[in-house]
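The values are calculated or read from the model by the stated rules, or taken from the named source; none is laboratory data. Remember, predicted model here, so these are calculated numbers, not experimental data. With ideal geometry, Cβ positions are generated from the backbone for all residues, glycine too; neighbour counts draw on all protein chains shown. For the accessible areas, the whole protein counts, side chains as well, though only heavy atoms, and no ligand, DNA or RNA atoms are used. Shrake-Rupley method; radii C 1.70, N 1.55, O 1.52, S 1.80 Å.
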Number of protein chains: 2
Amino acid sequence: MTSREMTTALVPRLADEIRDKLIAGEFQPGQRLSEPALCAELQVSRNSLREAFRLLTKDGLLRHEPNRGVFVATPDMASIIDIYRMRRIIECRALEQAHPKHPAVARMRRAVDTALERSASGDWRSVGSANMAFHAAIVDLADSTRLSAFYTQIAAELRLCFGLLDDPEFLHAPYVDQNAAILAELEAGRPAAAAAALEAYLARSERTVLAAFTRIRENGA
Amino acid sequence: MTSREMTTALVPRLADEIRDKLIAGEFQPGQRLSEPALCAELQVSRNSLREAFRLLTKDGLLRHEPNRGVFVATPDMASIIDIYRMRRIIECRALEQAHPKHPAVARMRRAVDTALERSASGDWRSVGSANMAFHAAIVDLADSTRLSAFYTQIAAELRLCFGLLDDPEFLHAPYVDQNAAILAELEAGRPAAAAAALEAYLARSERTVLAAFTRIRENGA
DNA sequence: TCTGTCAAGATCGTTCAACGATTTTATGAT
DNA sequence: ATCATAAAATCGTTGAACGATCTTGACAGA
């Protein structure tokens, strides 16, 4: 670890790496993450790994059981409902009060364009990422450091839920156009209409996720 | 560490302990927290301390500078303004949609009674704690795990700001009655009126804190 | 065969020691 | 007084160690 490239501190990088694996569905929910095993896989010491675990536990992505280890969080219906409640409050309000020339609008535009492009080529995972970036940009319209940080956390949890579901096309494709429509309203100077569209978007998305989740639950159990 | 009382895991307890010290103003903002020194003071190893540091850094109470150590966060006006924006959104909305028979209302009542009692005996620090408990209970009216967790974090940051200010009576006393009034409106089945009163409360509190903060800034620098 | 007990075995929780890398300070020369 | 350099203090990370706790599997008795 001496002469290697160390652009960033180890622990946050480690946390990001594990977060990516979680979001990518590389671990099953409820699965135990063995410290020795992950240490070996990620080539870090136990102490560093444990620091990263603390961060991810605080994010709600891992669950910590005393003397038993950390487990991948197992999202339940209550989590999904709670997350969507937060999204409605945060995103709709941010959009509603947004100024159409806010710099975050440009990022929304880029995200929509990327999503359109990638959905044409069938890269649904990238479409999902672009969608998430779009909504993160919406939150940034509110210009609140704390709100954006909170949303980042919520979004990671939601992506963990998505990871449970198997059909990314079904999960992301229908929303590309809705995002575009929301952005169009905002760019046209109608934030209230944009917020209303977003409200509808979220309602539909929640229904879809909950339904898929129920299906999984029934099949899995 | 073997035979001592270990009701809870060490690291979270450690984080709480440091958080309390921070809120109590035991460290100056911007002050560097030396790992060896705190290890000796708290009788824990460096690794455990570092894990606790990670948690508090994520809470915004500490700032982490690579290769330099952790520092007590130095709240600025932007933080205060941002925190109060969050409070307005979170608390007012929660109160507005609250059912007067929600269990959290009982906790609000207890907090108000405690605050009244302690303010009579001049224990302003306890009054401050009771006030914070009152507002945390307001947030719990929304029945959202994530929202309550987020608010806990915001509240800790705010208390760090309070810690900078010197006159706790001036800072807490005027609000005991306002809290009582807000609660009365809610108990009377008028959540909208309660929310309006809270809005006024927060506006006044924000002005007070910002003014005190400005005064400190001018005197200190 | 089933079940309850008990002894490994595997991990976790925590601490300690070590070492390179970086920052800060003390020192000394110009 | 200023700047370069050496010394001291930490930080970042690792590795090992040890008691405590959980899990597993064997074994004896019903």
Would you check if A:Gly30 is at pLDDT below 95 and within 16 Å of DNA strand C (Cβ to nearest atom)?
-> yes
Identify the single condition in (1) closer than 27 Å to B:Thr57 by Cα; (2) without any contact (Cβ under 8 Å) to a residue 40 or more places away in the chain; (3) away from chain B (no Cβ under 12 Å); (4) open to solvent by 60 Å² or more (accessible area, probe 1.4 Å) that A:Ala133 does not satisfy, given that it satisfies every other one.
-> (4)
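May I ask you to say which residue of A:Glu206, A:Glu218 is surrounded by fewer than 19 Cβ atoms within 10 Å (Cβ to Cβ) and in contact with a helix residue (DSSP H, G or I) (Cβ under 6 Å, 6 or more places away or on another chain)?
It is A:Glu206.
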On the given criteria, is A:Arg19 away from DNA strand C (no atom under 16 Å from the Cβ), within 14 Å of chain B (Cβ to nearest Cβ) and open to solvent by less than 30 Å² (accessible area, probe 1.4 Å)?
-> no
Of the residues in the range B:61-80, those that are near DNA strand D (Cβ under 10 Å from one of its atoms) and among the polar types (S, T, N, Q) come to B:Asn67
So, in the range B:136-149, of the ones that are open to solvent by less than 10 Å² (accessible area, probe 1.4 Å) and in a helix (DSSP H, G or I), which residue ends up farthest from B:Tyr84 (Cα to Cα)?
-> B:Ala137
B:Asp177, sole failed condition from (1) farther than 26 Å from B:Arg63 by Cα; (2) of a type outside the set (S, T, N, Q); (3) assigned to a helix (DSSP H, G or I); (4) open to solvent by less than 60 Å² (accessible area, probe 1.4 Å) | (4)
Taking interchain pairs and intrachain pairs at least six residues apart, which have beta carbon atoms under 7 angstrom, with the first residue in the range A:47-74 and under 15 Å from B:Ala52 (Cα atoms) and among the small types (Gly, Ala, Ser) and the second within 12 Å of DNA strand D (Cβ to nearest atom) and open to solvent by less than 40 Å² (accessible area, probe 1.4 Å)?
-> A:Ser48/A:Val11; A:Ser48/A:Leu14; A:Ala52/A:Val11; A:Ala52/A:Leu14; A:Ala52/A:Ala15
Per the list (1) more than 16 Å from DNA strand C (Cβ to nearest atom); (2) surrounded by 14 or more Cβ atoms within 10 Å (Cβ to Cβ), residue check on B:Leu10 breaks on (1)
Got at least one residue in the range A:68-75 being more than 23 Å from A:Ile23 (Cβ to Cβ), open to solvent by 30 Å² or more (accessible area, probe 1.4 Å) and within 12 Å of another protein chain (Cβ to nearest Cβ)?
-> yes
Which residue pairs have Cβ atoms closer than 7 Å, lie 6 or more positions apart in sequence or on different chains, and pair a first residue in the range B:14-39 that is at positive phi with a second residue that is assigned to a helix (DSSP H, G or I) and at pLDDT below 95?
-> B:Gly25/B:Gly163
Touching a Phe, Trp or Tyr at 6+ places or on another chain (Cβ under 6 Å), surrounded by 14 or more Cβ atoms within 10 Å (Cβ to Cβ) and at pLDDT 95 or above: does that describe B:Ala115?
-> no
Those residues that are under 19 Å from B:Ala24 (Cα atoms) and touching a residue at least 24 places away in the same chain (Cβ under 8 Å), I need them from the range B:110-121; list them, please.
-> B:Ala115, B:Ser119
The range A:76-95, residues that are more than 12 Å from chain B (Cβ to nearest Cβ) and buried (at least 20 other Cβ atoms within 10 Å of the Cβ) = A:Glu91, A:Leu95
Residues in the range B:37-60 that are under 21 Å from A:Thr57 (Cβ atoms) and either within 13 Å of chain A (Cβ to nearest Cβ) or within 13 Å of DNA strand D (Cβ to nearest atom) (or both) total 16
Name the residue, out of A:Ala195, A:Ala188, A:Ala106, A:Ala142, that is in contact with a Ser or Thr (Cβ under 8 Å, 6 or more places away or on another chain) and among the aliphatic types (A, V, I, L, M).
-> A:Ala142
Condition check for A:Met108: open to solvent by less than 10 Å² (accessible area, probe 1.4 Å), within 11 Å of another protein chain (Cβ to nearest Cβ) and of a type outside the set (Lys, Arg) = no
Members of the range B:41-63 found to be open to solvent by 70 Å² or more (accessible area, probe 1.4 Å) and under 29 Å from A:Met86 (Cα atoms), listed by number | B:Lys58, B:Arg63
Looking at (1) in contact (Cβ under 8 Å) with a residue 24 or more places away in the chain; (2) in contact with a Ser or Thr (Cβ under 7 Å, 6 or more places away or on another chain), which is the one condition that is false for B:Phe150?
-> (2)
